[in-house]
Amino acid sequence: MLGSYRAELIKLRKRSAVWVLFGAGLVLSLIFGYVLPYVGYLTGDDNPQTNGIPRAEVLRGLLPERVLDNTIGGFPVFAGALALVLGAIVVGGEYTWGTLKTVLTQRPGRISVLGGQLLGLFTMLAVWVLGIFVACALCSVGIAAAEGGSMAWPGVLETVEALAGGWLVLAMWCLAGAVLAVAFRNVALPIGLGVVWILGIETLLAGVASSLLPDLEVLTDALPGASAGALVFSVTGMVAADAPPGVRDAVGGGRALATLVAYGLVFAGLAMFTTRRRDVV
């Protein structure tokens, strides 16, 4: 598996789609986390509030003390969808191109090949999280310097906890894309189904449960997106009114963590079982 992992890292590093997806996640984080709020802050000089929020609070949300909120706030929905696409194209691409058969004839077992792919994906997601964090931190420092704001930072343990939680959210969605790719043995269908689920179906179910059928909240709170949003809400300590889409305190942080780990193990187990038991072609 170690050889497969090394080979996968080389492929991921040289694959342009990986960096395009990372760039998309980075741009979304900066636009919605910094650019749009800062533009609103600057253009509201004569108004003590920006969209009903005091300008001082808008500025505070852009300073280093809130960098974790802006780094992982979009992970449950937007970055999660990109992670799902990454898992689908990396695992499903081997089926689409017919290269999995060639790889398996070179000696590695099926589980070793899939395990190497998953480890490579986990490593790349860690690079994604760190890269977005660094970019958000630089934006926070720049805004704080320009506006004379506080340079206070979150604690080290708080930062590690938040980044680890964000990585877990992305890893869970990436595994969902991988298991769909193994199930359908292609790229397009897993991406379509996964993105529609993240951006549409789960949000719709949560809305219906909260407004029309409160008894369904037990079911919707157990869905992966709800747990992802609850974990981000917990590790960042966001205020519900300021939380981005998909981030809410549906369940406690401990339950959200356990649920995400369980989903990840189930997705990985299903992918390995299907890969081992079914014909490649």
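Relative to the first principal axis of the alpha-carbon coordinates of the chain, what is the inclination of helix 110-147, with its axis defined by its Cα atoms, in degrees from 0 to 90 and to the nearest 10? The angle comes out at about 10 degrees. In the chain, the longest principal axis of the Cα atoms and the axis of helix 253-277 are about 20 degrees apart. With a probe of 1.4 Å, find how much accessible area the chain has per residue, and write the answer as a whole number in Å². Heavy-atom accessible area per residue stands at 48 Å². Surface composition of segment 1-277: carbon and sulfur atoms hold 68% of the protein heavy-atom accessible area at a 1.4 Å probe. Sorting Trp97, Trp197, Trp153 by solvent-accessible area of protein heavy atoms yields Trp97, Trp153, Trp197, largest first, with a 1.4 Å probe. Measuring r between the beta carbons of Leu189 and Ala222 and using R0 = 30 Å, the FRET efficiency lands at 0.75.
A straight chain from Arg255 to Ala24 at 0.36 nm per residue would run longer than the Cα-Cα distance by 80.1 nm. Label-to-label distance, Thr102 versus Val196, with points set 7 angstrom from Cα along the beta-carbon direction: 3.3 nm. Computing P(r) over Cα pairs in 10 Å bins from 0, in percent for the structure here picks out one of [x] 6, 22, 19, 13, 10, 9, 8, 7, 5, 1, 0; [y] 7, 30, 37, 19, 6, 1, 0; [z] 7, 28, 31, 22, 10, 3, 0, namely [z].
Each label point was placed 7 Å from the Cα along the Cα-to-Cβ direction; for Arg15 and Arg60 their separation is 4.3 nm.
The 3J(HN,Hα) values that the Karplus relation (6.51, -1.76, 1.60; θ = phi - 60°) gives for segment 192-209 are, in residue order, x, 5, x, 5, 4, 5, 5, 8, x, 5, 5, 5, 5, 4, 5, x, 5, 5 Hz. Gly and Pro appear as x. Summarising the label geometry, the points placed 7 Å from Cα in the beta-carbon direction at Phe273 and Ala7 lie 2.7 nm from one another.
What order do you get for 173-179, 112-118 when each peptide is scored by the mean count of other beta carbon atoms within 10 Å, highest first?
Details: 173-179: 28.1, 112-118: 22.6.
So the order, starting with the most tightly packed, is 173-179, 112-118.
Rounded to the nearest 10 degrees, the angle from helix 16-30 to the longest Cα principal axis of the chain is 20 degrees.
Computed from backbone phi with θ = phi - 60° and the Karplus coefficients 6.51, -1.76 and 1.60, the 3J(HN,Hα) list for segment 211-226 is 9, 10, 10, x, 5, 7, 4, 4, 6, 5, 5, 8, 6, x, x, 5 Hz; x is used for glycine and proline.
The values are calculated or read from the model by the stated rules, or taken from the named source; none is laboratory data. It should be emphasised that the depicted structure is a prediction, and the values quoted were computed from it without experimental measurement. Methodologically, a virtual Cβ is constructed for each residue, glycine included, from the backbone with ideal geometry; neighbour enumeration extends over all protein chains shown. For the accessible areas, the whole protein counts, side chains as well, though only heavy atoms, and no ligand, DNA or RNA atoms are used. Shrake-Rupley method; radii C 1.70, N 1.55, O 1.52, S 1.80 Å.
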